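> Questions regarding the structure given below will be posed in turn.
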Amino acid sequence: MPHAASSRGRSWTARDDRQRSERCWPSRAQEKPVSEGLRSNRPSGANALIAVLVAVVLASTACSRLSFVKPKLARSGMDRKAPEVRMTPDSYDSPAAKSRVLIQQGQVALSQGDLAGAAKAADQAVRMAPDNASAHTLAALVAERKGDSAAAGKHYRRAIDLEPRQGSFANNYGTWLCASGRAQESLEWFDRALADPGYRTPAIAMANSGACAADAGQDAHSERYLTGALELDPENPVALGAMAERTFRAGDAFRARAFSQRRLAAAPADRRSLVLASQIEEKLGDKEAADRYVQRVGAEFPAVPGSGNGEIGK
């Protein structure tokens, strides 16, 4: 199950509260993004695999990395991308132009926590321009916020069918697949995202791919992609969280602690990252620190029963 996103840099990436620096590749000349939103923490554990918007500025470029905290410690933190709005010279009264306005309004509503307003805008945008991939992406993000994963998957898939060479849409769909327990299947979509020369946030897709490869049991792939993601973005929370888990499972608690601390400093904590931090401290013999993390789990994620100790274990 995904981390998520986050990796970051959304159009909405998987970071919850802030936008990270990221290596940007030139965008296509004809595309002029109007706004771009920020990442979400994929339940990187919920970690927390797209997204709470922090900025609303559309960009042409990840699950997604919006961050969605799910009760069962599935990877959440993966990064998804927000809808991209391309300004073209068509009539302001055309369905396409009206759809773009609705998409922007939906993004703003979503960033402000107005789920009903975002849902209304997404529904109208899709009905007005059913072949607009960005409209389907907004609808998918809204569906995920509502907890309707099946509907989200249909919209993410429709978006990539409409724009098969667009890296951000491929990353979003891969993030959804991984979060839905289809980690092996997701890897192909992250590679498709990376194959797009106009995809401006490769660290996001690499981090998502590395985290999901770990879930799929592909250790060599996981290490290669996570290392690559951290070379591009040393503060990528999805990659840091996945590396913390890898090293902890390998029995290297000291290195795991270092990755865990960097993960918690890079983005708002999700339940999975706090549970792992408590397990690492327990392993290192610091019961007091472990208890502090357990208390944070209860305080910050009260809807999820139990501390989760032992769920990630070595």
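The values are calculated or read from the model by the stated rules, or taken from the named source; none is laboratory data. As the structure is a computational prediction, the values presented were derived from the model and not from experiment. For neighbour counting, all protein chains shown are included, and Cβ atoms are generated from backbone atoms with ideal geometry for every residue, glycine included.
> In this structure, is Asp270 modelled with pLDDT of 95 or more, of a type in the set (D, E, K, R) and touching a Ser or Thr at 6+ places or on another chain (Cβ under 7 Å)? Even if it seems obvious, please write down each step before you answer.
Details: modelled with pLDDT of 95 or more: yes; of a type in the set (D, E, K, R): yes; touching a Ser or Thr at 6+ places or on another chain (Cβ under 7 Å): yes.
The answer is yes for Asp270.
> May I ask you to say which residue of Lys146, Lys70, Lys81 is modelled with pLDDT of 95 or more and of a type in the set (D, E, K, R)? Can you show your working first?
Values: Lys70 fails: modelled with pLDDT of 95 or more; Lys81 fails: modelled with pLDDT of 95 or more.
Answer to the selection: Lys146.
> If you don't mind, another one. Restrict the check to segment 162-174 and report whether at least one residue is out of contact with any helix residue (DSSP H, G or I) (no Cβ under 6 Å at 6 or more places or on another chain) and farther than 27 Å from Arg100 by Cβ. Full working, then the answer.
Taking segment 162-174 as the starting set, the residues that turn out to be out of contact with any helix residue (DSSP H, G or I) (no Cβ under 6 Å at 6 or more places or on another chain) are 164-166, 168.
Going one step further and asking which of them are farther than 27 Å from Arg100 by Cβ, we end up with none.
Checked segment 162-174: no residue is out of contact with any helix residue (DSSP H, G or I) (no Cβ under 6 Å at 6 or more places or on another chain) and farther than 27 Å from Arg100 by Cβ.
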